[in-house]
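Undergrad: Dumping the structure here so I can ask a few things about it.
Just so you know, all these numbers are worked out from the coordinates, no wet-lab data involved. If you're wondering where the values come from, they're calculated on a predicted model, not measured in any experiment. All Cβ positions, glycine included, derive from the backbone under ideal geometry; neighbour counts span all protein chains shown.
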Amino acid sequence: MAATLSVSSLNELAKQLLEANLSGIRVSGEVRSLVKAASGHMYFTLKDTGAEVRCALFRGQALRIKTAFANGDAVVVTGSVSLYAPRGDYQLIISSVELAGDGQLAVLFDALKKKLFAEGLFEAARKRSLPVLPRHIVVISSAVGAAIADVIAVLERRLPLARITLFATAVQGESAAGELTRAVQRITIDSGFDVALIVRGGGSMSDLWAFNDEALARAITHCPIPVVSGVGHEIDFTICDFVADVRAATPTAAAELATAVTVIDLQQRIIQQHQHLTRVMVGRLNLLGQRLDQAMGRLLPVGLQTGHSQRLGLELRLTHALRRQWQGKAAPLADLTQRLARVSPVRWQQTKQSYLADVRRRLQTAYAETRHQNRRQLADLENNLRPDQACDRLIALWQALMHKHQSMHRAFLKQQQIKNNRLNTAQNVLQALSPQRVLARGYSVVECAQGVLTKSSDLAAIFAQNPAPIPLTLHFSDGKIGIHAVKNI
């Protein structure tokens, strides 16, 4: 008969077993009911979706732990399981605490932020201004998703004259940071790019963690052209935002900042320049006309003294001089006018509208011709097809449909037969391998409370723990019986 234990002895024995077998274990969960005692000890509950356990962090260990945590934080604790004997309650004695998930990422983020700030990578003095009118924009982002679609739509709408190049990379996952870094390093002074946009849509800190990579931050710092960072939403901040030349609240905002001067602005400036040149030209002509009048007035007395022929000669000389001066001024003006006309967004828009109008006209013509041809064929059929011919065609069509139906039915029956044969073969194999067939050949299965016994050593191990007779169940092909096994002394 087993010895009788007191409650104190039972709890003490349980405490020894727990402390001997559950020491130095790591447990993850959420901190709840955190209490800081006046003695310096800390008590809290570690909870997950299915259970909770009490934890104690004594003053000596608490002073050595540098990680600050609070209620609601996801943590990973290291400790040993112990039991408070007077009440029979077991608890986890904590030796270390680490933040888990985004909490740990926040600690790493702050550490890297302080390091790069101390090195001067965030200083405004090293930030470069964006080009007023970029001709070639490189975008570093994923090739799919709403973010890249919005960025390209904004760039094409605001500045269609600019060329856009996409460096497609992963923006989330283990390989994302390396791909982003290599994409930035591909930009050289000879690449022909004017500005770079590195963008991604919103997400959690873990989703955006690739943009907090130190190597990526240093690559952006050494990039030979200005970099605009548009990662996440307005409330999201990454290391990429701090080292970039310009930080945008969203990917769409990054595209807008890179195209500060739009095609509408260019059009308005060209109109203003054209008006200014017109005013200058009219003013110049008026001034030259006044000078001509003054010269003619000064030459008039001389002309009267020397005769009519001398006056005409001077007039011709003045006319030739004014013409040469006007031609010298008109050539640069005409060249500038032609250059402005070639790059004018108004001309580009007119060209596109003309092209669209031509495409629309061709489509309408093709549609009208096709429709007319179909109507003509239908009229020919109605005029030339006799009732008996129509009946014959319907019969031929019905026969073709019936033939196709019969072919499909035969193919279906054939496939069904093949599937049935495969099913029968699989059933025969399963029956051949069935444990019931094995039992029918004279074998039996021995089962105890611990499970099925396959080796004699299993039964010997059970007798080693408890020498009492062991109830067994023997399974045969036609049923089962119960017996008791006795240790052979």
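Undergrad: When only Cα pairs under 8 Å and 6 or more residues apart are kept, what is the percent relative contact order across region 102-195?
TA: 33 percent
Undergrad: Here's another thing I want to ask about it. If I stretch the segment between Arg437 and Asn424 completely, what's the gain in nm (0.36 nm per residue apart, minus their alpha carbon distance), one decimal?
TA: Full-extension gain reported as 2.9 nm.
Undergrad: Let's see if you can work this out: charge +1 on each Lys and Arg Cβ, -1 on each Asp and Glu Cβ, no other charges. What is the dipole magnitude of region 91-194 about its Cα centre, in debye to the nearest 20?
TA: Roughly 480 debye for region 91-194.
Undergrad: Counting other beta carbons within 10 Å of each residue's own, what order do Trp209, Trp398 fall into, fewest first?
TA: Ordered from fewest to most neighbouring Cβ atoms within 10 Å, Trp209, Trp398 come out as Trp398, Trp209.
Undergrad: Just going by the charge dipole of region 387-489, with Lys and Arg at +1 and Asp and Glu at -1 on Cβ, which of Ala464, Gly479, Leu401 is farthest out on the positive end?
TA: Value computed over the given set: Leu401.
Undergrad: Once the other residues with Cβ under 15 Å from the Cβ of Glu179 are scored (Lys, Arg +1; Asp, Glu -1), what is the net sum?
TA: Overall, the nearby charge balance is +1.
Undergrad: State the extension gain, in nm to one decimal, for the chain segment bounded by Lys47 and Gln16, taking 0.36 nm per residue of separation less the distance between their alpha-carbons.
TA: Result for the pair: 8.7 nm of gain on full extension.
Undergrad: Which one of Ile239, Val227, Gly202 is farthest out on the positive end of the charge dipole of region 199-243, using unit charges on Cβ (Lys, Arg +1; Asp, Glu -1) and the Cα centre as origin?
TA: Value: Val227.
Undergrad: Let me ask you something else. Local charge sum around Ala85 (other residues, Cβ-Cβ under 11 Å, Lys/Arg +1, Asp/Glu -1)?
TA: 0
Undergrad: Let me ask something else about it. Using θ = phi - 60° and the Karplus curve 6.51 cos²θ - 1.76 cosθ + 1.60, what whole-Hz ³J(HN,Hα) does each residue of region 160-172 get, with Gly and Pro shown as x?
TA: Result, ordered by residue: x, 6, 7, 8, 10, 10, 9, 9, 6, 9, 6, 10, 7 Hz.
Undergrad: Which ³J(HN,Hα) values, rounded to whole Hz and listed in residue order, are derived for region 455-466 from phi using the Karplus coefficients 6.51, -1.76 and 1.60 in 6.51 cos²θ - 1.76 cosθ + 1.60 with θ = phi - 60°, glycine and proline given as x?
TA: Each residue of region 455-466 in turn: 9, 5, 5, 4, 5, 5, 5, 5, 5, 5, 7, 8 Hz.
Undergrad: Would you list, by chain and number, the aspartates and glutamates whose Cα falls below 14 Å from the Cα of Lys480, excluding same-chain residues fewer than 8 positions away?
TA: Glu447
Undergrad: I need the calculated FRET efficiency for the pair His136 and Ala111, taking r as the beta carbon distance and R₀ as 30 Å, to the nearest 0.05.
TA: Calculated transfer efficiency: 0.20.
Undergrad: Fewest first, what order do Tyr443, Tyr90 take by the number of other Cβ atoms within 10 Å?
TA: Final ranking by Cβ density, sparse to dense: Tyr443, Tyr90.
Undergrad: Starting from the exponent 0.38 and prefactor 2.2 Å, build the expected Rg for region 1-136 from its residue count and divide its actual Cα Rg by it.
TA: Rounded to two decimals, the normalised Rg is 1.66.
Undergrad: Please give me the summed charge of the neighbours of Ala253: other residues whose Cβ is under 14 Å from its Cβ, Lys and Arg +1, Asp and Glu -1.
TA: -2
Undergrad: Another one. Once amide H atoms are built 1.01 Å from N in the peptide plane, which residues 5 or more positions from Ile140, or in another chain, come under 5 Å H to H?
TA: Correct list: Phe167, Leu197, Ile198, Val199.
Undergrad: Here are some pairs, Lys36/Lys114; Lys15/Lys47; Lys455/Lys487; which of them have Cα atoms lying more than 19 Å apart in this structure?
TA: Those over the limit are Lys36/Lys114; Lys15/Lys47.
Undergrad: Sort Ser141, Ser33, Ser129 by Cβ crowding within 10 Å, fewest neighbours at the top.
TA: With the fewest neighbours first, Ser141, Ser33, Ser129 line up as Ser129, Ser33, Ser141.
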